Amino acid sequence: MVNKNSPLPLYYQLEEHLKHLIQSEELKPGDALPSERELAESFKISRMTVRQAITNLVNKNVLYREKGRGTFVSHRKIEQSLQGLTSFSEDMKSRGLEPGNKLLHFEISPVGEDIQKLLSLEEEELVYTMKRIRLANGEPMALETSYIPVRLLPGLNQEILGKSLYHYIESELNLHISHATQSVEAAIVTEENTKHLKVKSGEPVLLIQRDSFLEDGTPFELVRSIYRADKYKFKINLDRL
Ligand code: 16G
C-alpha cells in the first residue's frame, strides 16, 4: 500500500491511501482514524511521516482533529450550485435530506432605511422580519433572517414559515418568483450564533445576502443568511467570455 521504492514521498502515498479508503467508504464520515502509532506500525513507516500525511489531510478538511479524542473523517459538504433560484426545502429534498425549520423570531414592523431601499418600500411600510434556523435531517445548516413586505404576502404566519416559503408563494398565492441577486462572503460565527448553528466559537461561516424579485420586477424578499462553512460548498459553472 505504500511502496518505499516509489519516487512518490511516503506521506503522499499514505494520504492517497487514506483518501481511497474514504472514497470507497471503508472509512465513513465521523469514523475515527487508527492512532499515529498504529498507522506507523501497519505501514512500516515513521510516526513523523504519518503525522505529515494526517496534517495535510486535516488542512484539506478531509480529516479533523478533536483534542484528546483523536482524528476523524470529515463529513462531506453539501455542494450547492449558485445557478438556479431554488429554495432551501427544494435543495434538501433533491439530496434526499429532510428539510426542517425552527422559527426563532417573527415580527411585523417598519424597518430601517437600508432594507426599505432594497425592498423599494414606502416609508413606515410594514415588513415581516423573521429568523429561521434551517435544518437538514434535524441538523442546523443555516440561520436565515428574512424581510418581506406585508403588502405582498398579507396572510403570512408562523405556521406557514414552519414549511416552505417559496412553496406558499407559488402554490398558494400563485405569484411568480423570477430572479435574484446574491452575494457570498466569509466571516467568523458570532458567539450568539454558535448555539443556533451548533458550531464551536471561532468557526468560519458564509454570509449570504439574497434579494429576490417577482416576475414583474417587484422585490419580495431580502434574506441575510449565515451558512455553516463546514457543511457548505458553493459551486458555479463558468463560460469563457
Ligand atoms: C433559501 C434562500 C432564501 C429563501 C429560502 C426559501 C439562499 C441563500 N436563500 O434558503 O432566500 O427564502 O430558500 O426556502 O439560498 P423555503 O421555501 O424552504 O422556505
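For the reader, a short list of remarks on this structure follows.
- Test: Lys44 is within 16 Å of the ligand (Cβ to nearest atom) and either within 29 Å of Glu185 (Cβ to Cβ) or surrounded by fewer than 14 Cβ atoms within 10 Å (Cβ to Cβ) (or both): no
- Hits in segment 173-200 - residues which are open to solvent by 70 Å² or more (accessible area, probe 1.4 Å) and touching a residue at least 12 places away in the same chain (Cβ under 8 Å): His176, His179, Thr181, Gln182, Glu185, Ala186, Ile188, Lys198
- Between Pro99, Pro149, Pro140, the distinction of being under 30 Å from Leu18 (Cβ atoms) and surrounded by 15 or more Cβ atoms within 10 Å (Cβ to Cβ) belongs to Pro140 only.
- Residue match in segment 3-25 (condition: of a type in the set (A, V, I, L, M) and without any contact (Cβ under 8 Å) to a residue 24 or more places away in the chain): yes
- Checking Asp114 against (1) within 12 Å of the ligand (Cβ to nearest atom); (2) open to solvent by 30 Å² or more (accessible area, probe 1.4 Å), the condition it does not meet: (1)
- Restricting attention to segment 184-241, the residues being part of a loop (DSSP other than H, G, I, E, B) and within 16 Å of the ligand (Cβ to nearest atom) number 4.
The values are calculated or read from the model by the stated rules, or taken from the named source; none is laboratory data. Bear in mind the structure is a predicted one, so any value in this text is a computation, not a measurement. Positions of Cβ are generated from backbone atoms using ideal geometry, with glycine treated the same way; all protein chains shown enter the neighbour counts. What goes into the accessible areas is simple: the full protein's heavy atoms, side chains included, and nothing from ligands, DNA or RNA. Shrake-Rupley method; radii C 1.70, N 1.55, O 1.52, S 1.80 Å.
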